[in-house]
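The structure appears below as structure tokens.
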């Protein structure tokens, strides 16, 4: 979509005021983000929707289905890699609940005493909190996805994304292995909708800074990345690494 902006000071004032009222980044340039968020507010029947915002592939939908997978994202429309797995691309090792059933109970660093950021839906409302175990989630939780907290939940040390002494005495740097410069997936919530964003060649801190300024999500967390970062949207620009086998996938509906 081509961006457009006002040609007079009054038009610029109009566009910025519209963007603020719309919950969009108020830069006075009306483009994909402003129009998409206006469509959400108007209840337009066009979601799930694949768009490009700030040169990033984005899928937006009414809800998600997170699940333990054994295939690649190309087998599932409007999908992306979910959270962490161990062994790689095989078994979820971050909290995962789908259709009210606990698929994986522990936070990725629960073994070391740390909770993780968890986005979850309970009684029809999307919320976020810090949990060590899925069994600690509120009764009636429909789905839950654990990961590295962003925005108000940015606290890598408090979630075990730091150097930790392993049971065998060795030291593992979980910040560097999760937050390094590579491709990453972000799960966000805003305007009552779910968002999947594919960030390319960014550190987790750079993603957090950009996301807070431009997307302004109510809640957000970072899922997996690196060689497992993948997205399968409806447009060619939103098909990245679609053939790689995954163990944890999020599908937008």
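Give the number of residues within segment 210-238 that are assigned to a loop (DSSP other than H, G, I, E, B) and closer than 18 Å to residue 252 by Cβ.
7
What about residue 121, is it exposed (fewer than 15 other Cβ atoms within 10 Å of the Cβ) and either in the same structural domain as residue 198 (by TED's automatic domain parsing) or more than 30 Å from residue 15 (Cα to Cα) (or both)?
no
For segment 183-214, enumerate the residues that are on the phi < 0 side of the Ramachandran plot, free of Cβ contacts under 8 Å to residues at least 60 places away in the same chain and out of contact with any helix residue (DSSP H, G or I) (no Cβ under 8 Å at 6 or more places or on another chain).
Matches in segment 183-214: 206, 207, 209.
Applying the selection to segment 1-32, what residues are touching a residue at least 12 places away in the same chain (Cβ under 8 Å) and under 14 Å from residue 215 (Cα atoms)?
19, 22, 23, 24, 25, 31, 32
Please go through segment 70-85 and give me each residue that is touching a helix residue (DSSP H, G or I) at 6+ places or on another chain (Cβ under 8 Å) and at pLDDT below 95, ordered by number.
The answer is none; no residue qualifies.
Tally time: how many residues in segment 81-99 are closer than 14 Å to residue 147 by Cα and assigned to a strand (DSSP E or B)?
Residues flagged as closer than 14 Å to residue 147 by Cα and assigned to a strand (DSSP E or B) within segment 81-99 amount to 5.
Could you check segment 119-139 and list, in sequence order, the residues that are free of Cβ contacts under 8 Å to residues at least 40 places away in the same chain and under 21 Å from residue 192 (Cβ atoms)?
120, 122, 123, 124, 125, 129, 138, listed by residue number.
Which one is nearest to the chain's Cα centre (by Cα), of the residues in segment 217-253 that are under 16 Å from residue 204 (Cα atoms) and surrounded by fewer than 18 Cβ atoms within 10 Å (Cβ to Cβ)?
Among those that are under 16 Å from residue 204 (Cα atoms) and surrounded by fewer than 18 Cβ atoms within 10 Å (Cβ to Cβ), it is 226.
Output the number of residues of segment 149-190 satisfying the condition of being buried (at least 19 other Cβ atoms within 10 Å of the Cβ) and assigned to a loop (DSSP other than H, G, I, E, B).
4
The values are calculated or read from the model by the stated rules, or taken from the named source; none is laboratory data. Quick caveat: nothing in here was measured; it's all calculated off a predicted structure. We place every Cβ from the backbone using ideal geometry, glycine too, and count neighbours over all the protein chains shown.
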